[in-house]
1. Need the failing condition index for VAL42 against (1) surrounded by 12 or more Cβ atoms within 10 Å (Cβ to Cβ); (2) modelled with pLDDT under 95; (3) of a type in the set (A, V, I, L, M, F, W, C); (4) under 14 Å from the mean Cα position of the chain (by Cα), just the number.
2. Given (1) over 16 Å from LEU31 (Cα atoms); (2) part of a helix (DSSP H, G or I); (3) basic (Lys, Arg), identify the lone condition not met by ARG43.
3. Which residue out of GLY70, GLY48 is assigned to a loop (DSSP other than H, G, I, E, B), among the small types (Gly, Ala, Ser) and modelled with pLDDT under 95?
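The values are calculated or read from the model by the stated rules, or taken from the named source; none is laboratory data. Everything numeric here is computed off the predicted structure, so don't read it as measured data. Reconstructed Cβ throughout: ideal geometry from the backbone, glycine too, with neighbour counts over all protein chains shown.
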Amino acid sequence: MVRKKLPPEEGIVVCNLKAIMDERRLSVNELARLTQLSKPTVRNLKNGKTTAVSLVTVAKLCSALYVPIGALFTYKSNEYLRSEMDVRGALMGADKP
């Protein structure tokens, strides 16, 4: 089984923008227009390709989506990530004799 490399000791912060956009049926173009952010910025945040986000960007997203900052981002500790990887590994091996 191939193990994914764990993030730094502190864990990771995950952007929940894709789930929010899907739930509200918002396109990248629509959210870019509402927030006055560039389409690549919105697309990268949505697809989890961003490693740093400015506070101005966060404020624009919170304001346009009417959500608190805690709805946009979730912290996942290494303990949580390890258990998630263990569960996935067990599920993948469940169909093997």
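1. VAL42 satisfies every listed condition except (2).
2. (1)
3. Details: GLY70 fails: assigned to a loop (DSSP other than H, G, I, E, B).
Unique residue meeting the criteria: GLY48.
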